[in-house]
Amino acid sequence: MPAMADIIVYSHGFEADDGGYTHTGTLDQWEWGTPAFAAGPVSAHSGLRVWGTNLDGNVPYSSDSYLTSPGIAIPAVTSDQIIRVRFWAWIAVDEMLDRGEFQVSSDGISWETKSELFHVMQGDWSEYYFDITDYADGSIYLRYRLYADGGDEFDQSPYNMSGLYIDDVAIIISDKPALQTTLILEAYEDDYYLASCPWIYSWNGGEFEKDNDVYPTSRGPAKEVTDYYTLNTPVVSEDGHYIFKLQETDSESSYTDVVQLITVDHSTMVKISADDGGTIWTYGSPSAPASASTSAGNDAVAALSVEDERGLNVGNGDYVELDFNNLDITNGAILVLRVLGYQNDGPVGDPTYVTPAIAIQTQDSDEQWVTRHRFAPRMDWATSAYNLKDDFVINNKVRLYATSCHEGKYHIIDYVGMDTSYQAEVSVTTVPLASATHSVNGDVCAALQVSDNNYATMTSLESLELAFAVPAQSGEARDFVFVSEGYYVPIGTYFIYTWDGSQWAQRDGWSIEGGVDATRSFDLSMWLPDPSGEYKVRIWQDYWYENAGIDYVGMTQGLVTGTMISAFDLRKAIDVTALLISSDNTRDEWLYDDAGYPYSRSRNRWVEVKWTGLSINTPPTTNPVLIDNPLLATPTISWTYADVDGDSQVQFEVEVWTGTGGTGTNVWDPAIGTGDDSSIVYAGSPLVIGSTYYARVRAFDGTSWGGWSETSWTYELPPFTVEKDFRYTAVDFTPYNCGLDGICRTDDDYQEPADLGMTLPDTDGDGMYEVKYVVNKKGEVTSTNPGQLYAVITITGIGIDTVALDDAFGTQFDVNPGKLGGGVEVLKIGVDGLAEVLTDTPQVTFASVDNDAGEVILAIDLDTPLEIDEELMIYLKYQTALKFEMPDTTDFTNTADVTINELTGITAVAVVEFV
């Protein structure tokens, strides 16, 4: 099994900055900072700062605001990799329509809703994972929305509208193992209570007037259609344009590909309407059928002959047969039909899994009913017209056959008639879209011009304002047909959880479209078997009262299917193994009728399922994780590997973050290690003094990856020292003054390599570290090993990127360094002792050489900052013997300056003065 490496594509914990996120909306309350509201989260998930809606109070009623990430580049991946977005969220809103949403987009215009977050979800901060592999090799935008309606639906107590908080966002690429562990879920969600497609509003000269819903039966992408709707409300032009608003409802998302407007100019003597294919038909005074017999055997002529909004109720499978044999259809046969859809007088009953429609049927030569057209029922009254002249084969009979989405829902057929006159002259103009402005995303006109699967998306209560240029009118009257292509998705979510050793952790989620059974697979290889060596999951369906159900839950590992040993519905407290063990339309369902709503409003639809028959292996552990030398800039991370099955460590993975549990910002994500190593030296981004870091480790035993083990440490600044050593033959020295450290030294101090080092005090608080060594010297100092004398400056500290050394001995000592490459040999750099002298010359550059003054200035660029307590020794090696000529009676002063740049947290300038 190959490694399952994690590649951190993006991570942000919002500590140092706001991540470049932007926000907008109605009564927008999003802000970046530290939570300060008593009813909100006690703190950020990690660190101090978060993004939240009103960090110190409740969000206002009727607010609707969005927080959007900058574009994040996602690399291409192979078929053996999966990309997930991970974030932590905290929410507290009203129990009814208020909600949070998480959305993703490739262009910042068309958005996909991954999940809705209601009320308080599980409470406290919760972790969420979602598969975003479809966004590979491009950019992705992340968006968080909080919507609050106009009131407190249930007068909740205690009242809490703290809103939505977001922290610790990451995007992670994971390798899939060759033997994948996959969960299969077959289920449905049916948000029938509020589910509907978008509504069209017409500008009537004073306001937008609500008309009807569009593409009403296009529930899910598989049912996307082009819809032709003959408008009922008046349309008044303004500034040379007809203006409309396409408005989404409370509980769904919609995807609109094309919008157009058809103007139909005609005589006032006729009316017009479009059929399901967009053809315009005229009619004058349709005739009632000679008879109308329902499937129950009732006469319905009177109910269907007058437009009085009473009509005939038809549920799923009901029909009415109409006889128009009394009419002469030589000149035409236009059926006019007026219907109101989706009514119910009580419980809606079981879902039917069929598309709602009124099928318009005629008989073929074998007297079999054949569907010629389909009327799509809408949420408000609508009229359509259909030409049946060529469909009357053996008689002039019509059957209207109803289908409905639920057994308890029905449609009302208000009126049906047949017009037999000639078609009147009309002028039909298809008007292209002039502009389209999304209520949040701005200009989306380009997305709505052609049918290309480039959608303008709307989620709950978002809208599009559409404008069409007014064409010249050529008839006495003008009517309008609104054309739209798209689909809608009622929103609900199944969340998938696995056990992480201490709690149930969310791993993925899925909103099911269409209100019918659908199947999806989830790769859980990263988390199963769990730390207990078991294959078990929990599934949470997040509705309160709308219908939802699970038909089948399966687990596979490669080609092996696991054996379900238990399935338990935690809400009902019953065993549901027999219901979920196979795909057979026997479901564990949660229905409105048994929800106890509104008195019981618990979001507790949980099912726990376990399997055996898959590979039995207890994952290894790496606990405890330790930090050796925590004060070093490159500490050592170590761990203790253990495996109850006795398997050896084959691979290991290490990550370092600024927050616990792989949160905050990732500062080190090295490649997977191989073998049985139990430690690794940190080599990530420079550590910041005073910051706390979290190192986590997991291991692979050849079969399973274990869970992460973690430890934390705080990177502190140690005392900063500068030392200067001279190696020389002792001669006659007179007594000298004491140093500023209060220590008086004698000649004996210099018989061996002398250590004049001390901790540098910042005496005046200006961040400058200074020290003086005062030594009165007389006589002659000669090196004992000509050609091998080193003037050594040792620097001990952290965070040092550049060291500049100014060696000005030439002004007092008889030293001729010579030209570059001449008298002074290439500078040597050693770490932690002379034995490790390095000769990597590209690290050293000669800033300047002054042969007359005998001065050499060198700039040394270090590839890696010094670690805490690590010594960097700078050796100046001269090719000639050093002979220091000093007057017998004259004191002299020699100064060597060492400047240390870019020391994290301080500016350090050490001045060592010899007098």
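Say we look at the range 366-395 and pick out the residues that are among the aromatic types (Phe, Trp, Tyr) and in a strand (DSSP E or B); which of these is surrounded by the fewest Cβ atoms within 10 Å (Cβ to Cβ)?
Among them, the one singled out is Trp369.
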For Asn326: the one exception among (1) within 28 Å of Glu407 (Cβ to Cβ); (2) modelled with pLDDT under 95: (1)
Unique match (being over 22 Å from Asn396 (Cα atoms) and either touching a residue at least 24 places away in the same chain (Cβ under 8 Å) or among the small types (Gly, Ala, Ser) (or both)) among Arg378, Arg374: Arg378
Selected residue (criterion: surrounded by the fewest Cβ atoms within 10 Å (Cβ to Cβ)) from residues of the range 59-77 that are at pLDDT 90 or above and not in a strand (DSSP E or B): Ala76
Candidates Val214, Val236, Val258 - the one that is touching a residue at least 40 places away in the same chain (Cβ under 8 Å), out of contact with any helix residue (DSSP H, G or I) (no Cβ under 8 Å at 6 or more places or on another chain) and β-branched (Val, Ile, Thr): Val214
Residue in the range 470-479 that is modelled with the lowest pLDDT, counting only those that are in a loop (DSSP other than H, G, I, E, B) and not charged (D, E, K, R): Gly475
Failed item in (1) free of Cβ contacts under 8 Å to residues at least 60 places away in the same chain; (2) assigned to a strand (DSSP E or B), with Tyr188 passing the rest: (1)
Residue selected from the range 17-28 under the condition closer than 25 Å to Ser463 by Cβ and under 20 Å from the mean Cα position of the chain (by Cα), by the criterion modelled with the lowest pLDDT: Gly25
Filtered residues of the range 386-418 (kept if within 15 Å of Ala357 (Cα to Cα) and among the aliphatic types (A, V, I, L, M)): Leu400, Ala402, Ile412, Ile413
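Report yes if some residue within the range 252-275 is assigned to a strand (DSSP E or B), in contact with a Gly (Cβ under 7 Å, 6 or more places away or on another chain) and closer than 27 Å to Glu476 by Cα; otherwise report no.
Checked against the condition, which is being assigned to a strand (DSSP E or B), in contact with a Gly (Cβ under 7 Å, 6 or more places away or on another chain) and closer than 27 Å to Glu476 by Cα, the range 252-275 yields at least one hit.
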Residues of the range 351-365 satisfying the condition of being in contact with a strand residue (DSSP E or B) (Cβ under 7 Å, 6 or more places away or on another chain), part of a loop (DSSP other than H, G, I, E, B) and under 30 Å from Pro221 (Cα atoms): Thr352, Val354, Thr355, Pro356
Residue match in the range 315-333 (condition: charged (D, E, K, R) and under 26 Å from Val225 (Cβ atoms)): yes
Spans of strands (runs of 3 or more DSSP E) in the range 609-685 with at least 3 residues out of contact with any Cys (no Cβ under 6 Å at 6 or more places or on another chain) and basic (Lys, Arg): none
All positions within the range 557-585 that are in a strand (DSSP E or B) and either under 15 Å from Ile496 (Cβ atoms) or in contact with a Lys or Arg (Cβ under 6 Å, 6 or more places away or on another chain) (or both): Ile565, Ser566, Ala567
Identity of the residue in the range 524-560, surrounded by fewer than 20 Cβ atoms within 10 Å (Cβ to Cβ) and touching a strand residue (DSSP E or B) at 6+ places or on another chain (Cβ under 6 Å), that ends up nearest to Thr621 (Cα to Cα): Lys536
Hits in the range 17-35 - residues which are without any contact (Cβ under 8 Å) to a residue 60 or more places away in the chain and under 23 Å from Gly690 (Cβ atoms): Asp17, Asp18, Trp32, Gly33, Thr34
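Taking the stated definitions as given, is Tyr386 in contact with a His (Cβ under 6 Å, 6 or more places away or on another chain) and at negative phi?
It is true that Tyr386 is in contact with a His (Cβ under 6 Å, 6 or more places away or on another chain) and at negative phi.
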Output for the range 194-233, where each listed residue is among the aliphatic types (A, V, I, L, M) and under 15 Å from Glu248 (Cβ atoms): Leu194, Ala195, Ile200, Val214
Top-ranked residue in the range 511-521 [being surrounded by fewer than 22 Cβ atoms within 10 Å (Cβ to Cβ) and not small (Gly, Ala, Ser); ranked as modelled with the lowest pLDDT]: Val516
Filter result for the condition that a residue is surrounded by 18 or more Cβ atoms within 10 Å (Cβ to Cβ), assigned to a loop (DSSP other than H, G, I, E, B) and acidic (Asp, Glu), over Asp56, Asp94, Asp107: Asp94
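Could you list, in sequence order, all residues of the range 163-186 that are among the hydrophobic types (A, V, I, L, M, F, W, C) and at pLDDT 90 or above?
Passing the criteria: Leu164, Ile166, Val169, Ala170, Ile171, Ile172, Ile173, Leu183, Ile184, Leu185.
To keep it simple, each residue is scored yes or no on (1) surrounded by 22 or more Cβ atoms within 10 Å (Cβ to Cβ); (2) in a strand (DSSP E or B); (3) out of contact with any His (no Cβ under 8 Å at 6 or more places or on another chain).
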| position | (1), (2), (3) |
| --- | --- |
| Val450 | no, no, yes |
| Phe468 | yes, yes, no |
| Ser484 | yes, yes, yes |
| Thr498 | yes, yes, yes |
| Gly501 | no, no, yes |
| Gly509 | no, yes, yes |
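The values are calculated or read from the model by the stated rules, or taken from the named source; none is laboratory data. Nothing here was measured: the structure is a model prediction, and the numbers come from that model. As a convention, Cβ positions derive from the backbone with ideal geometry for all residues, glycine included, and neighbour counts pool all protein chains shown.
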